[in-house]
Amino acid sequence: MNGNLDRLTLMKKNLDQQRPLSKELTRILKEDFIIKSTYHSNAIEGNRLTVFETKAVLEDGIVIVGKSMREHLEAIKHKEAILVAEEIVQQDQPFSEMVIKELHSIVLHSIDRANAGKYREQNVIISGASHTPPDAVVVPQLMTDLI
């Protein structure tokens, strides 16, 4: 683990030496972040879009043959939530449960309106993961504790 920390520290040092980053590089890094975080977040939930397909959907509005409308909407709405979160940060709004629920609502609005903006009420498992999410009944208190 120490080797990874050393490598990250060196990478951070190298990045800091490049500051200030150009507007073009900042834009490219932001786009890359949006695409990759959207891809990985959705893949965890079973979305079959590849990272390249996610990029095509988000940047070019391309419909991927053989992929569901839901998979497309998951990518589009995830990007929208990231952009709204960025606006919230830029406006220096406090992080709150209301903000969390608003972002959740954006992600699920066109996909699962009944659960959009609400904490889950059922227990879940993550296929292939050793982590077990907390019981649904404790989620509201855990979120309150987080804030």
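The values are calculated or read from the model by the stated rules, or taken from the named source; none is laboratory data. Given the structure is predicted, the values throughout are model-derived calculations rather than measurements. As a convention, Cβ positions derive from the backbone with ideal geometry for all residues, glycine included, and neighbour counts pool all protein chains shown. These accessible areas exclude ligands, DNA and RNA; they are computed on the full protein's heavy atoms, side chains included. Shrake-Rupley method; radii C 1.70, N 1.55, O 1.52, S 1.80 Å.
Some values worked out for this structure:
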{"item": "In the stretch 35-67, the residues that are under 17 Å from the mean Cα position of the chain (by Cα), assigned to a helix (DSSP H, G or I) and acidic (D, E)", "result": "E53, E59"}
{"item": "Options G66, G3; residue that is at positive phi and open to solvent by 40 Å² or more (accessible area, probe 1.4 Å)", "result": "G66"}
{"item": "Checklist (1) surrounded by 10 or more Cβ atoms within 10 Å (Cβ to Cβ); (2) modelled with pLDDT of 90 or more; (3) more than 30 Å from M69 (Cα to Cα) applied to N42, failing item", "result": "(3)"}
{"item": "Residues (under 23 Å from V137 (Cβ atoms), open to solvent by 50 Å² or more (accessible area, probe 1.4 Å) and not charged (D, E, K, R)) located in the stretch 100-126", "result": "H104, A114, N115, Q122, N123, V124, I125, I126"}
{"item": "Residue tally, condition assigned to a loop (DSSP other than H, G, I, E, B) and of a type outside the set (A, V, I, L, M), over the stretch 92-113", "result": "9"}
{"item": "Single match in K36, K79, K12 (criterion: at pLDDT below 95 and either in contact with a strand residue (DSSP E or B) (Cβ under 6 Å, 6 or more places away or on another chain) or of a type in the set (D, E, K, R) (or both))", "result": "K12"}
{"item": "P140 surrounded by fewer than 16 Cβ atoms within 10 Å (Cβ to Cβ), not in a loop (DSSP other than H, G, I, E, B) and not aliphatic (A, V, I, L, M)", "result": "yes"}
{"item": "Scope the stretch 25-47; condition farther than 11 Å from K79 by Cβ and hydrophobic (A, V, I, L, M, F, W, C); matching residues", "result": "L25, I28, L29, A43, I44"}
{"item": "Complete set of residues in the stretch 70-99 that are within 21 Å of L146 (Cα to Cα), open to solvent by less than 40 Å² (accessible area, probe 1.4 Å) and touching a helix residue (DSSP H, G or I) at 6+ places or on another chain (Cβ under 7 Å)", "result": "A81, I82, V84, A85, I88, V99"}
